[in-house]
Each structure stands twice: as C-alpha cells, then as structure tokens.
Amino acid sequence: MPDQAPIIIIGTGLAGYNLGKEFRKIDRETPLVYITADDGRSYSKPMLSTGFTKEKSADDLAMADADTMAQQLKASVRTMTQVTAIDAVKQEIAIGNENIAYSKLVLAVGAKCIEASLQGNAVEDVYSINDLMEYARFRQAIEEKKKIFIIGAGLIGCEYANDLSNGGYDVESVEPLSTVLATLLPEAASHAVQSALETEKNVKFHFNTVAKAVNKRDDGYEITLADGQKKQADAVLSAIGVRANTALAETAGLTLNRGIVANRQLQTSDPNIYALGDCAEVDGQLLYYVMPLMTCARTLAKTLSGTPTPVAYGPMPVAVKVPVCPVQVSPAPRDVEGNWEIEQDGHSVKALFRDKSGQLRGFALTGERVSEKMALQKELPPILA
Ligand SMILES: Cc1cc2nc3c(=O)[nH]c(=O)nc-3n(C[C@H](O)[C@H](O)[C@H](O)COP(=O)(O)OP(=O)(O)OC[C@H]3O[C@@H](n4cnc5c(N)ncnc54)[C@H](O)[C@@H]3O)c2cc1C
C-alpha cells in the first residue's frame, strides 16, 4: 500500500521547496504532498536580515504563496499544520489523530532558535526570528519604536544589528564572548567587523557577559545583564544560534546526533525516510547554510526518482551580510591543526588558515579583501569529496 502513497515532504523552507523544484525536473507524475507548520509562502530566509537595508517588508520578501507553489510543483501544500509523529513501520505520519501514509518521507524541518535562559516578567515578549511569519510580527512590533536590544553578536545578531541600524534604530547588543562573530572568524577579522559596527553604525556592544532577565517597564523593557548593568529598549531580539530540529525524527526512532543522521544519499537510519537542510547531519556535516541544502536537494531529487546519487560538497564559503564591513568566510576545520596568517589595513582583513603541510584549509576576508574570495575558494579542499 505505501508504494502507491505519495512522497511526503515535511517543511516548505528552502530545503523542502528546492527539493520539489529539482524533483519535478525529473518526475512530473509521482504525487507530492507538502505539510508545513507555517503559511507555506516561498521566501529566501537569508533576506530576513536585510529587510531594512533593501527596504523590503515581510510581504515584499515573499516570492509566492502556498497555492502558487502547489501549482508550480504539481503538489498539494497543506499549511499551518504541525506533523506530530511518524510511524516508520507503518510508513505513516500523524497530524494529531489523523494518519497519512507515505511511500517516501522527507524531513525538511529546519532548525530551531536556541532560547536564551532568561528570568523576568517579559521573557515571552523576547523575539526570535526563524521564519517569515515571525519576521512580520517583529517588523510590526518595532514600527514607530526606536531602540532594539539584541542578545547575541554572532552571524545572525550582527546581521540584524547592521540592518536595524540601517533602518534608523539604535542598537545595543550583549555577547558572552569577547568580540563579535567570535566562533566564526579569527580575532583580527572579528575586531574589524566590531569596529565598523561601533564607529559607523553606532552599535553599542557589551562583551563577556549575558542577558540575565527581561522585565516590562511602562515605556518598554529593562534588560539586566549578568554583570549587573541594566539596559532599556523598546524591543528585545534573541539571536543566540540554532539547533537542528530533531523532535519528529525522535518519534520515528531515527538515529540522531547533533542533527538527524543521514548518509551521503540523505537517507536516515530508516530506508524510507530522508533528511534535508538545517535538520540533517549529512555524513557528519551539519551546515546551517543554503549552499549545502541546494546541493543536497539536487542529489536527493535524483535518488527519489530512482537513481541513487550520493552528495558531494565542494568548498562553501559563507557571506556574512554586514554591509558596513562585508565578510566572506570559510571556517577553519575544528579538528585540523594549523596557523592563521593575517594581513590587515583598517577594516580590510585577509586571514588565511594553513595546516601544517601549508595547505589552505580556511579563510576570512573582510572589507575590500572580500573580492579575493573566488581565487581562494579554488585553493580549498572539498568539504565532502
Ligand atoms: C536571518 C538569517 C539569515 C541567514 N543568512 C544566510 C546567508 O546569508 N547564507 C546562507 O547560506 N544561509 C543563511 N541563513 C541560513 C539559511 O537561511 C538556512 O540554512 C535555510 O533557510 C534553512 O532552510 P530549511 O528549509 O532547512 O529550514 P526552514 O526554512 O527552517 O524550514 C523548515 C520548515 O519545516 C516546517 N516544520 C518544522 N517542523 C514541522 C512539523 N512538525 N510539522 C510541519 N512542518 C514543520 C516549518 O514550518 C518550515 O516550513 C540565514 C538564516 C537566518 C535565520
């Protein structure tokens, strides 16, 4: 019976929709069913942290609604629907008491924002933005407001700091480490970005401490830091990172590690269930970026249409969208010993990470040096050969 059942894709983010697009290039007939907890609009998530800079509202960022996507992909798209469990033996998903059979199931359920550990009477009012609907709510809440406090100065925190500042907001931010983007960049590059945000965008950072409590006041919110300082803001945004969403996979008894464990064919520990995008740990690699999920979508489309195809990743540098001091980074692998070579001129940094044999294994470029990305990328070994 499940062989006649549709392929079900859970999630309509970049992973889910790009898989459908790639699959329909090969197979126009096999029934495809999407189920998503959100409104199913197609949008590019990286654009969320550029809304003010590009002068685009949440609605402007939506490229197509769920009905349009359903037509384009010859699929059905069921929106605002939370899948609650998976029975891998019966090959069924559950939506509350309703069960739906699948022939193959794809988990494209993304990652969840890590919640800051906070006290106070306004914890529920702290925003985190992980989809277009949350972005729309945040934009509406800060209309006519002035001051935004951001918890976290990593990739997403810095992007929002620059973007909100471009939108005319006063931005203040707290970060437990000693500089911005500290887990992604060598110190010289981090300091270049930090200095540009401070001097040119007037962002005020508090390093080496965390937000401890958020309380409501008559005129906004009071944020108490662990070092005792108290800060005021009109809205608080938490951006302290994401973690693969493994909750549904757990109900199916799938093997989990930091994400849903998948092999090079994106197949999980159950042969009929695949994982793709931010939720998937593919051959040990858990990469919360667009390029890997696009590569995976292309190969998984082939696998699902009958040609089992393993994925390979080339080098995949990431742009950090801090226009005041652009960044291109290919992080140094954690398990490789080596040294950074740094050249710096003001906010422009070229940092190369070489292993003991002299092979380039990572780089960080800021300011005017980002133009060297393509040349350096060619020197890097692939992430998954
Ligand atoms: C502000 C921001 C900026 C970024 N900038 C960049 C960038 O510049 N470059 C880059 O490479 N990457 C960037 N990223 C990361 C990139 O956007 C993500 O890697 C990518 O969008 C993940 O797509 P996804 O489809 O895997 O997950 P998501 O977009 O999170 O989609 C998950 C889907 O699963 C659905 N879902 C989850 N659980 C259930 C359930 N139980 N039942 C039904 N549906 C469910 C959700 O409703 C959603 O539709 C950025 C991320 C953010 C937040």
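The numbers here are math on the coordinates, done by the rules we state, and not lab data. On a predicted model such as this, the values are computed, not experimentally measured, just so you know. Ideal geometry is used to build each Cβ from the backbone, glycine not excepted, and the neighbour counts take in all protein chains shown.
Of note:
- The spacing between the range 243-310 and the range 65-140, judged by their C-alpha centroids, is 17 Å.
- Set of aspartates and glutamates near LYS212 by C-alpha distance (under 20 Å), chain-local residues within fewer than 8 positions excluded: GLU115, GLU124, ASP125, GLU172, GLU175, GLU222, ASP227, ASP234
- Among ALA375, ALA235, ALA192, the largest mean-square fluctuation in a Gaussian network model of the chain (Cα springs under 10 Å) belongs to ALA375.
- Order by protection proxy (mean Cβ within 10 Å, highest first), peptides 7-17, 242-252: 7-17, 242-252
- Relative contact order [Cα under 8 Å, 6+ residues apart], the chain, whole percent: 16 percent
- Ordering of 227-233, 203-209 by packing [mean C-beta count within 10 Å, highest first]: 203-209, 227-233
- Farthest positive-ward along the chain dipole, Cα basis, beta-carbon charges - from PRO308, ILE151, ALA213: PRO308
- Dipole magnitude (debye, nearest 20) for the chain, charges at Cβ of Lys, Arg, Asp, Glu: 700 debye
- Mean Cβ count within 10 Å, highest first, over the residues of peptides 312-318, 341-347, 296-302: 296-302, 312-318, 341-347
- Estimated purely from DSSP H runs of n ≥ 4, each contributing -39500 (n - 2.57), the mean residue ellipticity at 222 nm for the chain is -6500 deg cm²/dmol once divided by its residues.
- Whether the chain is rounded, prolate or oblate, judged on the alpha carbon gyration tensor where a/c under 1.5 counts as rounded: oblate
- Cα-Cα over 19 Å, subset of LYS54/LYS112; LYS56/LYS373; LYS21/LYS104; LYS201/LYS321: LYS54/LYS112; LYS56/LYS373
- In summary, the lysines within cross-link reach of LYS356, defined as a Cα separation below 21 angstrom excluding same-chain residues under 8 places away, comprise LYS378.
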